[in-house]
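Below is one structure, written out as structure tokens; the observations come after it.
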Amino acid sequence: MSKKEKQAFPTSVFLKMAGTVKYVMGLAVGIVLVYSVLKVVEGHMLARLVDTIVQQDSHGFLQATIVIISVFGATLISFFFAKFLAAQFSERMNAKLQRAISKKLSQATDHAMHQNHSGDLMSRMSSDANLFQEMLQQDLLLLINGITTAIVALIYLLYHNWFLTLMVLACLPVILIAAVILSRPVEKYTTQAQKDLGEINTHAKEALSGAEMIRAFNLQSFFLNRFLGSEANWFRHTMKKGRQSVILVVFGILITFVPFLVVFGLGGYLVIQGQLTIGILFAFIQLLNYIAFPLQELPTILGKIKAGTAGGRRLMELLDLSVEKQEGKKGHIDQPVLVRFDNVSFRYPGQKELALDGISFSIERGEKVAFVGPSGCGKSTIFKLIQGDYLPQNGKVTVGDTPLELWSLTDLRDQTAVVVQEPFLFDTGIEENVSLGRIDSVPEEVKTAIAEAQMDRFIQELPDGMQTRAGELGARFSGGQRQRLCVARAMVRNAPLILMDEATSALDNDTEAQILRIIRELPKERTVVMIAHRLSPLTFVDWIVVLDQGRIAEQGKHDELLEKNGRYASLFRAQMMEEADAS
Amino acid sequence: MIRTLKSIFRFLKPYTVQYIFGVIGMGVINFALLAYMAFVLADLTSSIVELDQALLIQTILNAIILIALTGILLWFSGIALVSSLIKVERDMRKAFFSRTLFVPLAVHHKYPSGELLSRFNHDLNESVALFKNSFQSLAIMLFQGIGSSITIFILDWVLGLWIVGICFGVFLLNVPILRRLRKASQKVQREKAGFLRLYSQLVSGQRIIRYFNLAGWIYERVFLQSETLKKAGIRRNTLEAMREAFSEMTFLGIISIMIIGGYRAIEDPTTLPTIIAIVQLQNGVAYLFSGASAIFAEITKRLAGVERLVEVMDIPEEPDMIPFPPVSPEHSAPIPALPSHKGLFVRNLSFAYPDSSRLVLNKISFEIAPGETVAFVGPSGSGKTTLFKVLLGFFAPLEGHVAYSGRSIYHTILKEWRAQFTYVPQDAFLFSGSIRKNLEAAFEDGSEGHLSDNRMKNAARLANAHTFIEDLESKYDFVLEEGGNNLSGGQRQRIALTRSFLREAPILLLDEATSALDSESERVVQEAVSRLMEGKTALVIAHRLSTVRQANCIYYMEDGMIIEQGTHESLMNLSDGRYRSMVIAGELEEVVSQD
């Protein structure tokens, strides 16, 4: 039951978000209702027109002419306005959703981001949003219009001749049932052909990804034959499906004439008997379409509406992303101890194992500290706690003079500058990217930072210089160059605490050395905390903390740790052995 | 456009008669049904007006017979159309697929696999839809429209002129709207893409946005972009509503005929049936004018898909041999008398990728005696992998010579040349299908029956794969998913190694995997790799110290050149050697990784 509730479209949230815009849609629906009635009136007036002709009533004919022209004008106008209003509604709602979701996303917690795949976040905003918008724009009105026109037409026809109406309606279920029976084998073959096509697609993907190996091993014909096997299956199934669907089409076209023949025959008879006017007979022919339409199109439209609401639901689920707290106080960071962990234990939400298990340490102003250890040892978790992504379950984290839980996150993060392993740049110019380190930075700072990161010469050679677009589209930058821009961005931030999370482990030696040189040459009062993979570049740091399974295995200066001959020493020696061998 | 059409029609050629019969049949039938309806209505009207019951019955009977006859014709032309379409689709897919297999590898560098795949799926569908939908709609539209117009003109040429005039007027009214609509739609597409680009940065840069307090900055951009998109969307949809409303105006034709005809019929009631017929036929004329622009727009759009498809299909296949003299005349030189060297001989080999002047390989020379192992070491981008690709004949060299056992690469059929190599890339290449099928791919074109159970199992034992395969439910018939994703990384590598053992080619090209395995599977794989190298002329792109230590010679590459060569010990003794500093920096992995 609760699952079912979750599947329902969050109508109240949607309407609340719509605010006054919902009345636009209300108006559109109202106009569609008017339009439905006008269509039936139009049919009726055509009947009047025919009747007056047959009765040779030129006065009545003139009247009917005037009415029908005005009705036609009114249908055109209402048609346009219904569509126009629906467009206003769907586009405005789309923009509202885009903004609300983007805002949520920009404030979502680290935990929420880990629970959602980035591909999923993307597809909700693209394909799901498209389905939803299309439904708001078109299908909803089509459905309402189809149903109301059918009902009004049905009432009109029943009123004029219930017998003929019922006779015509009696044909419809027979037709529908026959269509279902006939389409069954088509569905079977469609499913099979779809499966074959899936196989063909797999062959294509494999032939493309294995292009080198196929050539190296002379496997061209081998792969062609695999493909031809699936292709032959597809051909067989599709041929069967094709034959069957031709029969279906033939039957479908023939069958649509049945109700009309009934109207022609029976209706003609009734007219000759004087029980029906010829005009009403023509109204029958015209209005029959309006009744038949929903029966034929309803499944398709309902399918689209189902897909659209499901898309809308998935889209609006993004509004439930949990966001970070926005309140808190601004602490003071000008203390001798910048960060202190007191017996901190932490486990990620929903996890059994402790990520940190009774960790204590402190980082003093101006220190360069490194955390090392195997992956999963808790290095990154420490960073996330310092950034306020999570609060520990036990123990206490203090940044500056203020406990972590009291900090306002915005203020806390103003104290830190981060460089992470994957260099991320925004899809905008280099200058703006680096200046984003601090929103109120000035161009000189940006220039200096770029020079410090040794990117100035490279950028000068670019045709667009500092305006060259970075980000995903700026594929002209290598990983190292992008990372150096990220370092420049962190420098611009001018924060007391610099956090480097595996910032150099994806880079080649030269680039790593360059970046480490920048760090080493920072002014004394800047505090740097690094997470590192390779140990050899760490000789310059003041303090090394070796972590293992969420605990501190040992800590100390590089030399002390080597003397201790413990875990760090063995890790380091393994890496340095060759150097010793050689010299 | 004409050329594109021509090139796509070659796929229709074998089935032209079938297809044309089908398409024309569809057009004729659609017109016929419309015309019956018109005349049935006319007869109906006269029978009613004259209160003639016999005529009424006759009319209904006539209608039933005509509709039934049409059904038979519809069945024939439907079958002809559908089967010709399916054959065309099959032929196109086959031609495209086999072309991607037989073109030179450079084509796959030019078109990323996603691009080729989208042409294979999307553009091929579009091309088929051109025959399936566009041309068929065009035929129906033309037959119905022209047929109805002619019939109306025969019935009453004045009303005929009037109807065509109104439909044409509505069409003209629509032309400027259509143009604006097209532009507005393009703008919506652009703005939507712009928004999604922004949003995707929000997704992938979320951490940076939080850590740098950039939520406000990005929100401002989202706000502006969604505002632009909203305006573009409203404009597009308003134009669309206008277009549809204008198209509805062809209904004016019906009304005006009713009025004009009505006045006449009041004078002379016998004209009423003709008026009714004309009103019905008017639908066909209206469809011609309202549908034409949409159909032509659709054809133009689909032709773009055809163009992308044909572009790939027209790429020539890989030649049988690598051309000599090499591609650029300035580098050409006669083939020197090759030494009767038994092993692999490479002299002055240079290479640059097409459309690039940068030499990825710059006068590379080395010789390897049979059974020797050499290692290639250097920073990424130094040309090691490219060297392998040129050795395999994937690309033609700019200059230089390659020979094995005294046979030049320029004088050997590529297929035979490649048969001398076993290439082991970093990522195990496995495809969907049974393990057995994957192993059969060791042989040229996977010739079946080649592979006895005994031979297969022996190879698997050598690759340390037999035990785990025997533990699988269906053993060697275990079916791999795409990319072998239902096996672990180590298992995948060992199956690929089994295939390499089966191949029994004299030269091994091994691109060592940078370790992504736990130490136990790492050890098992390493053991199999060492066994594979035994007795072979082996070239290894090395990432491990243990590997380079075993090599008879190490070539250190940078910028496409071999700048140091020698054994590990001798290279470590060069005090300012590049290789030495690389080793000291820890660039090569220990076998037991530190994690």
- Taking the Cβ of A:ALA47 as the centre, find all other residues whose Cβ is under 14 Å away and add up their charges (Lys, Arg: +1; Asp, Glu: -1). -1
- Query: Going by the alpha-carbon gyration tensor, a ≥ b ≥ c the square roots of its eigenvalues, is the stretch A:316-414 rounded (a/c under 1.5) or, if a/c is not under 1.5, prolate (a/b greater than b/c) versus oblate?
  - Reply: oblate
- Residues of the stretch B:30-46 with amide N under 20 Å of a point placed 7 Å along Cα→Cβ from B:ILE146: B:30-36
- Shape call for the stretch B:128-239, from the Cα gyration tensor axes a ≥ b ≥ c (a/c under 1.5 means rounded, otherwise prolate when a/b beats b/c, else oblate), comes out prolate
- Helix A:220-262 sits at what angle to the longest principal axis of chain A, using alpha carbons and giving 0 to 90 degrees rounded to 10? 30 degrees
- Debye log10 I(q)/I(0) at q = 0.17, 0.18, 0.25 Å⁻¹ for the stretch A:425-494, Cα point scatterers: -0.49, -0.55, -1.13
- Output the Kirkwood hydrodynamic radius of chain B, Cα pairs only, in Å rounded to one decimal. 31.1 Å
- Of the residues B:GLY261, B:ILE208, B:SER226, the Cα lying farthest along the dipole of the stretch B:173-297 towards its positive end, which is defined by charges on the beta carbon of Lys, Arg, Asp and Glu, belongs to B:ILE208
- In debye, nearest 20, what is the charge dipole magnitude of the stretch A:425-494 about its Cα centre with +1 on Lys and Arg Cβ and -1 on Asp and Glu Cβ, if you could check? 240 debye
- Angle between the Cα long axis of helix B:215-248 and the longest principal axis of chain B, 0 to 90 degrees, nearest 10? 30 degrees
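Could you compute the FRET efficiency for B:SER452 and B:GLU372, with r as their C-beta to C-beta distance and R0 at 51 Å, rounded to 0.05?
0.95
Net charge around A:ARG493, counting only other residues with Cβ within less than 14 Å of its Cβ (Lys, Arg = +1; Asp, Glu = -1)?
Overall, the nearby charge balance is 0.
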- Counting only Cα, what are the radius of gyration and maximum Cα-Cα distance Dmax of the stretch B:181-309, in Å? 25.7, 87
- Task: May I ask for the net charge around A:ASN233, where only other residues with Cβ less than 10 Å from the Cβ of A:ASN233 are counted and Lys, Arg are +1 while Asp, Glu are -1?
- Result: -1
- Query: With the Cα gyration tensor of the stretch A:10-113 giving a ≥ b ≥ c as the square roots of its eigenvalues, does the rule (a/c under 1.5 for rounded; else a/b larger than b/c for prolate; else oblate) give rounded, prolate or oblate?
  - Reply: prolate
- Message: Modelling each spin label as a point 7 Å along the Cα-to-Cβ direction, I'd like the A:VAL13/B:SER570 distance in nm, to one decimal.
- Response: 7.1 nm
- Message: Is there a quick way to get the dipole size of the stretch A:364-465? I mean about its Cα centre, with the Cβ of Lys and Arg at +1 and of Asp and Glu at -1; what is the value in debye to the nearest 20?
- Response: 600 debye
- Task: Please tell me the relative contact order of chain B in percent, rounded to the nearest whole number, where contacts are Cα pairs under 8 Å and at least six residues apart.
- Result: 14 percent
- Average projection area in nm² (convex hull over Cα atoms of the stretch B:1-100, one quarter of hull surface): 8.4 nm²
- Note on the structure: Accessible-area order for A:TRP162, B:TRP75, largest to smallest, probe 1.4 angstrom, reads A:TRP162, B:TRP75
- Query: Using Cα pairs under 8 angstrom and six or more residues apart, how large is the relative contact order of the stretch A:153-283, in percent?
  - Reply: 35 percent
- Karplus-derived HN-Hα couplings along the stretch B:383-391 (A = 6.51, B = -1.76, C = 1.60, θ = phi - 60°), whole Hz, x at Gly and Pro: x, 5, 5, 4, 4, 4, 5, 5, 4
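Of all DSSP beta bridges located in chain B, what percent are antiparallel, nearest 5?
Roughly 50 percent of the DSSP beta bridges within chain B come out antiparallel.
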- Take the alpha carbon atoms of the stretch B:214-239, find their center, do the same for the stretch B:503-579, and report the distance between the two centers in whole angstrom. 55 Å
- What nm value, rounded to one decimal, do you get for the distance between B:LEU178 and A:LEU27 when each label is placed 7 Å out toward the C-beta? 3.2 nm
- With unit charges on the beta carbon (Lys/Arg positive, Asp/Glu negative), name the residue among B:VAL28, A:GLY265, B:ALA396 whose Cα is farthest towards the positive pole of the charge dipole of the protein assembly as shown. A:GLY265
- Between the modelled labels at A:ASP559 and B:ALA106 (7 Å from Cα along Cα→Cβ) the distance in nm is 6.0 nm
- Query: Three principal axis extents, largest first, for the C-alpha atoms of the stretch A:142-210, in Å?
  - Reply: 71, 26, 8
- Query: Efficiency by 1/(1 + (r/R0)^6): what FRET value for B:PHE76 and A:LEU166, r their Cβ-Cβ distance, R0 = 35 Å, to the nearest 0.05?
  - Reply: 0.40
- Query: To the nearest 20 debye, what is the magnitude of the charge dipole of chain B about its Cα centre, counting +1 on the Cβ of each Lys and Arg and -1 on the Cβ of each Asp and Glu?
  - Reply: 1060 debye
- Item | Cα centroid separation, the stretch B:33-50 to the stretch B:166-204 (Å) | 44 Å
- Query: Tell me, in nm to one decimal, what length is gained between B:ALA68 and B:ARG531 on full extension, where the rule is 0.36 nm per residue of separation less the Cα-Cα distance?
  - Reply: 159.1 nm
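Report the extension gain between A:ARG184 and A:ASN394 in nm, rounded to one decimal, defined as 0.36 nm multiplied by the number of residues separating them, less their alpha carbon distance.
Full-extension gain reported as 69.3 nm.
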- Arranged from highest to lowest average of other beta-carbon atoms within 10 Å per residue, in what order do the peptides A:335-348, B:536-549, B:194-207 appear? B:536-549, B:194-207, A:335-348
- Item | Under the Debye formula (equal points on every Cα, no solvent term), log10 I(q)/I(0) of chain A at q = 0.06 Å⁻¹ | -0.58
- Task: Quick one: plug the Kirkwood hydrodynamic radius of the protein assembly as shown (C-alpha pairs) into Stokes-Einstein at 25 °C, 0.890 mPa s, and report D in µm²/s.
- Result: 68 µm²/s
- Query: Can you list the lysines whose alpha carbon is less than 17 Å from that of B:LYS389, not counting same-chain residues fewer than 8 positions off?
  - Reply: B:LYS110, B:LYS363, B:LYS415
- Message: Helix-only mean residue ellipticity at 222 nm, the protein assembly as shown, DSSP H runs n ≥ 4 weighted -39,500 (n - 2.57), per residue, nearest 500. What is it?
- Response: -20500 deg cm²/dmol
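The values are calculated or read from the model by the stated rules, or taken from the named source; none is laboratory data. What you are looking at is a predicted structure, and each value in this text was computed from that prediction instead of being measured. Neighbour counts run over all protein chains shown; Cβ positions are idealised from the backbone, glycine included. Remember, those area values only see protein heavy atoms, side chains included, never the ligands or the DNA or RNA. Shrake-Rupley method; radii C 1.70, N 1.55, O 1.52, S 1.80 Å.
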